[in-house]
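We did not get these values from a lab; they are worked out from the coordinates using the rules stated. Everything numeric in this text was worked out from a predicted model, so none of it was measured. Methodologically, a virtual Cβ is constructed for each residue, glycine included, from the backbone with ideal geometry; neighbour enumeration extends over all protein chains shown.
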Amino acid sequence: MATTAPLAANEIRFRSLFENTPEIILYQNADSIIQDANPAFLALVGEAKENVVGRSYNDFLPPEVHQLFADKLREAFTGHMVRFDMYAGQGRSAPRHWDVVKVPLWEQGRVVGVHMVARDITDRTRTQEELFAQNQDLQQFTYIVSHNLRAPLANAIGLVDLLSTEEPDSPYFAETRDHLQQNLRQLDQVLQDMNTILTIRDRQDLARPEDVTLAELLAQVIYNLQDMLDQCGGTVQVEVPAGLLVRGNRAYLYSIFFNLLSNAIKYRAEGRPLRVVVAATGTPEQAKTITVADNGSGFDLEQAGDKVFKLYKRFHPHHPGRGLGLYLVKSHIDSMGGHIEVQSQVDAGTRFTLVLP
Amino acid sequence: MQTLLVDDDPTVIFLVKRLFDYEGLPDALTTFLSPVEALAFLQQQVPAGALPQVILLDLNMPLLNGWEFVEALKPLEEMLRGQCLLYILTSSLAPTDARRAEDNPLVTGLLHKPLGRQQIQAIRARVQGQGVA
């Protein structure tokens with residue numbers, strides 16, 4: 001004969017689970033009112049139980065997920081277990097990734113309430129995202145090895161073969177040797193670039209943000225580019241509020257604006273003096289929007305597509321360039337949690353729009 | 001052996017030119033650093049019947065890469081078939097590029113850089129053997 005544990009013992013077991021599990025557990029009615037909440041939830045939202053029970057769960061969720069939760073709760077009340085992922089803060093906690101399960105509780109043939117169990121999967125999600133990014137890096141690395149690294153090397157092999165057949169005093173000998181020298185330098189440059197990029201990636205987590213006065217930073221960049229600007233008769237106009245602060249890594253910010261402005265100089269239009277306008281808007285609470293707009297030679301955005309910020313992609317056929325600058329710019333901005341967009345028109349100019357925290 | 005070389009790398013242009021000199025073909029090579037200009041040239045020449053017997057095409061180029069170049073030649077496929085040998089000339093060792101070359105009916109083959117005299121001789125033999133005009 002099967003024996004069942006006394007109800008009291010069961011109660012103790014389930015209470016212990018409810019009280020001690022790291023997952024957050026809520027019991028809700030059809031109107032989303034919290035009937036019970038476990039200590040993990042109370043700790044997360046930083047409230048005592050009496051301030052939670054009797055309130056709508058929506059009070060603890062950002063508005064953008066209210067509809068999602070309403071839909072899922074309704075579905076659970078039809079008698080189905082539902083499971084979904086979401087990314088949101090709860091109460092005053094920072095946004096996290098959650099694996100949410102809603103389990104209906106049946107009593108006498110109808111659903112009387114729904115238990116919600118949510119597990120914090122932020123670490124796992126981040127690991128997956130990192131893995132995905134690293135896989136992409138690896139693919140990109142393969143491409144770089146087979147093209148950018150092997151191209152000058154293959155040239156060097158061909159040139160050395162040629163050298164052995166040329167007369168040492170002939171002009172061809174000298175020209176071959178010059179090409180050889182150039183290609184070996186290029187090979188070295190690619191290796192140095194790789195080193196730069198990998199160093200940035202290593203340091204990304206360590207980049208400690210600070211408040212940087214944008215106008216001062218820009219003045220410093222322009223000061224260092226002044227010779228090049230003078231040589232081409234170019235001007236940079238800065239329209240940035242004097243006290244505007246940008247939160248980020250100072251070295252990255254310097255590199256971003258140095259790269260954007262030296263690109264503007266490099267790809268200026270032949271027929272007119274270069275003019276660049278750097279403008280910024282934003283308040284201490286808001287994200288800062290910064291535009292860098294030039295009247296340079298521009299490029300065909302449609303043709304360039306999503307390759308603009310890719311490593312070793314170039315868009316100006318008659319200008320030297322390694323295709324590193326904009327890749328670095330985007331890496332830096334990404335690592336500071338901002339983003340960048342570009343508009344460009346051939347022979348009219350290029351405008352970069354940066355949004356920084 | 002009228003040959004068109006498309007490569008944005010001046011060293012490759014220099015190397016191939018020199019090899020053609022050594023093969024006794026100093027006037028057989030037309031070169032383009034810009035794939036866009038090379039394509040415009042072909043689009044004009046091919047319908048007029050003045051097509052090269054051999055095209056050597058680099059893959060990694062700005063604005064128009066080698067595969068995009070081949071794609072842009074599609075409308076001329078009928079006129080090129082049997083008349084012109086198109087070789088991809090690349091530093092890439094990626095198997096995906098080799099597979100793509102194999103799968104594309106317009107592409108005769110894939111040559112790894114650096115190009116050598118033996119490869120030029122082999123292409124020459126093939127051009128003569130096929131009687132490519």
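Summary table below
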{"quantity": "Distance in nm between pseudo-label sites at A:Leu105 and A:Thr291 (7 Å out along the Cβ direction from Cα)", "calculated": "5.7"}
{"quantity": "Sequence-separation-based contact order of segment A:209-357, relative, with Cα cut under 8 Å and 6+ spacing, percent", "calculated": "25"}
{"quantity": "Whole-Hz couplings from phi, Karplus 6.51/-1.76/1.60, listed for segment A:83-94; x for Gly and Pro", "calculated": "9, 7, 9, 8, 10, 6, x, 10, x, 9, 6, 5"}
{"quantity": "Segment A:247-320: GluC sites (Glu not before Pro) falling in loop per DSSP and having at most 16 other Cβ within 10 Å", "calculated": "A:Glu270, A:Glu285"}
{"quantity": "Dipole of chain A, positive end: most advanced residue of A:Ala174, A:Gln231, A:Thr283 [Cβ charges, Cα centre]", "calculated": "A:Thr283"}
{"quantity": "Volume of the Cα convex hull of segment A:82-207, divided per residue and given in Å³", "calculated": "134"}
{"quantity": "Anisotropy class of segment A:70-137 from Cα gyration tensor, a/c 1.5 cut", "calculated": "prolate"}
{"quantity": "Lysine-lysine proximity count for the protein assembly as shown, Cα under 27 Å, sequence distance 8 or more or distinct chains", "calculated": "22"}
{"quantity": "Leading residue at positive end of dipole, the protein assembly as shown (Cβ point charges), from A:Phe14, B:Ile123, A:Ser255", "calculated": "A:Phe14"}
{"quantity": "Spin-label pair A:Thr213/B:Ala98, simplified geometry with 7 Å Cα→Cβ offset, distance in nm", "calculated": "6.0"}
{"quantity": "Rg in Å to one decimal, and Dmax rounded to a whole Å, for segment B:3-130 via C-alpha atoms", "calculated": "13.5, 36"}
{"quantity": "Extension gain, B:Glu68 back to B:Gln83 (0.36 nm per residue minus Cα-Cα distance, nm)", "calculated": "3.3 nm"}
{"quantity": "Within chain A, helix-based [θ] at 222 nm, where runs of 4 or more DSSP H residues each add -39,500 (n - 2.57), nearest 500", "calculated": "-14000 deg cm²/dmol"}
{"quantity": "Cα-based Rg and Dmax for the protein assembly as shown, where Dmax is the largest Cα-Cα distance (Å)", "calculated": "32.0, 106"}
{"quantity": "About the Cα centre, charge dipole magnitude for chain B (Lys/Arg +1, Asp/Glu -1 at Cβ), debye", "calculated": "380"}
{"quantity": "A:Ser16, B:Ser91, A:Ser331 arranged by Cβ crowding within 10 Å, fewest neighbours leading", "calculated": "A:Ser16, A:Ser331, B:Ser91"}
{"quantity": "Distance in nm between pseudo-label sites at B:Ala48 and A:Ile12 (7 Å out along the Cβ direction from Cα)", "calculated": "9.9"}
{"quantity": "Helix A:7-20 axis, angle to chain A major axis (alpha carbon atoms, nearest 10°)", "calculated": "20"}
{"quantity": "Shape call, segment A:7-82: gyration tensor on alpha carbons, a/c limit 1.5", "calculated": "oblate"}
{"quantity": "In order through segment B:91-99: 3J(HN,Hα) via Karplus (6.51 cos²θ - 1.76 cosθ + 1.60), integer Hz, x for Gly, Pro", "calculated": "8, 5, 9, 5, x, 5, 5, 4, 5"}
{"quantity": "Modelled FRET efficiency - R0 35 Å, A:Gln134 with B:Ala40, Cβ distances, 0.05 increments", "calculated": "0.25"}
{"quantity": "Helix A:250-266 axis, angle to chain A major axis (alpha carbon atoms, nearest 10°)", "calculated": "40"}
{"quantity": "GNM result for chain A, Cα springs below 10 Å: residue of A:Gly109, A:Gly338, A:Gly325 fluctuating most strongly", "calculated": "A:Gly109"}
{"quantity": "Gaussian network model of chain A, springs between alpha carbon atoms under 10 Å - residue of A:Thr142, A:Thr127, A:Thr78 with greatest fluctuation", "calculated": "A:Thr78"}
{"quantity": "Lys/Arg +1, Asp/Glu -1 at C-beta; the protein assembly as shown dipole; positive extreme among A:Phe77, B:Thr30, A:Gln128", "calculated": "A:Phe77"}
{"quantity": "Lys, Arg +1 and Asp, Glu -1 on Cβ, resulting dipole of the protein assembly as shown about Cα centre, debye, nearest 20", "calculated": "580"}
{"quantity": "Extension gain, A:Ser164 back to A:Ile33 (0.36 nm per residue minus Cα-Cα distance, nm)", "calculated": "38.6 nm"}
{"quantity": "Integer Hz, Karplus 6.51/-1.76/1.60 couplings in order for segment A:295-311, x for Gly and Pro", "calculated": "10, x, 6, x, 8, 7, 5, 5, 6, 6, x, 8, 8, 3, 9, 7, 5"}
{"quantity": "With Cα atoms, 0 to 90° folded angle of helix A:214-232 axis to chain A main axis", "calculated": "20"}
